Amino acid sequence: MNFKKLPKIELHCHLDGSVRPETIIELSKLEGVKLPSYEIETIKNNMIAPMECTSLNEYLERFEIPVAVMQSKESLKRIAYELMEDSAKENIKYIEIRFAPLLHIDKGLSIEDVIESVLSGIREGEKNYDIKGNLILSFLRHMPIETVYEVIEIGRKYLQKGVVAIDLCASEEKGFCEKFIKPFLLGREYGYKVTIHAGETGIGENVLDAIQTLGAKRIGHGIHIKNCKKAYDIVKEKNIVLEICPTSNVQTKAVDSFENHPILDFYKDGIKVTINTDNRTVSNTTLTNEYNTVKDNFKIDLEIYKNIYFNSVEAAFTNLEIKEKLKEDFKKSIQSNIL
């Protein structure tokens, strides 16, 4: 199978983890941000996490440089546009981009400025390429709870206008969901969908909490449901979709190797899995590469690819019209014999 030519869907992609290194250098000069170096290879080394990362925390250190330059309307719009462009060029037809607005107000932007700038980049990408995009508002788990309410309230006016969901991310500790029950309940009442990073770093119980207390319909990673029967069972019974990111999972030590990744075991047991990049730059990957990696290790065939693709369609936080187009894209690709 030629995965680059096949239509693809990306449900788990972080904006600040997917910035072109060349853009970082250009924007740093425009924004007056001092970098450790202006040599492209040095910047790449600072932005790309090694496969030998010791933990999720070490992986997350790679976000410091991109966040520093993502503090103006122009930089946010450009970076969002370039992510749409890069995705479209590998035949991704629909992408949900997630980011934490509160990380981008250090130089005076309002939360409205931040959200509108990213949405503007997404919409410009849609005009120039055959791709659709939506936005997920993320919160770092250590953020003060009142700031979460603030973003949920401000983001409300962008619902149905590009913003579709809320998310929790960053370092994972046991029981983190309890702190966010009330704001996420409010978010659901407003119409936000919910996806939560959980079960990435060995705590399967967090997946159970994310579903039962926060109303998550999708789980970012969720690898460690394999170590928690209650979490595993509820994911399977309720058809909760897992946003699997193979390369990132190896880097963060969610799994110790590609060969030991549970994605195919999950799939064979009827759990809804999708394949995603997590962070194109930090993980030095593309969605095409993620599919090739899974194929190389698990020999997936066209039928498995089709099922994962349609899992992604059904799980996407978008309207019926776009979902129907995504299904049609797949049918056309088969008819045109691009395999």
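The values are calculated or read from the model by the stated rules, or taken from the named source; none is laboratory data. Since the model is a prediction, treat every value here as computed from it, not as a measurement. Positions of Cβ are generated from backbone atoms using ideal geometry, with glycine treated the same way; all protein chains shown enter the neighbour counts.
Quick notes on this one:
- In region 265-289, the residues that are closer than 16 Å to Leu83 by Cα and within 11 Å of the chain's Cα centre (by Cα): Asn276, Thr277, Asp278, Asn279, Arg280
- Where a residue in region 57-82 is within 17 Å of Ala170 (Cα to Cα) and its partner, wherever it lies, is among the acidic types (Asp, Glu) and crowded, with 19+ Cβ neighbours inside 10 Å, with Cβ under 7 Å and at least six apart: Phe63/Asp16; Pro66/Asp16; Val67/Asp16
- Residue check for Glu41: surrounded by fewer than 16 Cβ atoms within 10 Å (Cβ to Cβ) and modelled with pLDDT of 95 or more: yes
- Enumeration of residues in region 82-100 that are in a helix (DSSP H, G or I) and touching an Asp or Glu at 6+ places or on another chain (Cβ under 9 Å): Met84, Ser87, Ala88
- Checking Gly121, Gly108, Gly125 one by one, the residue that is among the small types (Gly, Ala, Ser), touching a Lys or Arg at 6+ places or on another chain (Cβ under 8 Å) and at pLDDT 95 or above is Gly121 and no other.
Each row is one residue, and each column tells you yes or no for (1) hydrophobic (A, V, I, L, M, F, W, C); (2) at pLDDT 95 or above; (3) farther than 16 Å from Cys53 by Cα.
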| residue | (1), (2), (3) |
| --- | --- |
| Asp209 | no, yes, yes |
| Leu214 | yes, yes, yes |
| Tyr232 | no, yes, yes |
| Val250 | yes, yes, no |
| Lys253 | no, no, no |
| Phe258 | yes, yes, no |
| Asn276 | no, yes, yes |
| Val282 | yes, yes, no |
| Thr285 | no, yes, no |
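- Taken over region 256-299, the residue count meeting the criterion of being surrounded by fewer than 20 Cβ atoms within 10 Å (Cβ to Cβ), touching a helix residue (DSSP H, G or I) at 6+ places or on another chain (Cβ under 9 Å) and in a helix (DSSP H, G or I) is 7.
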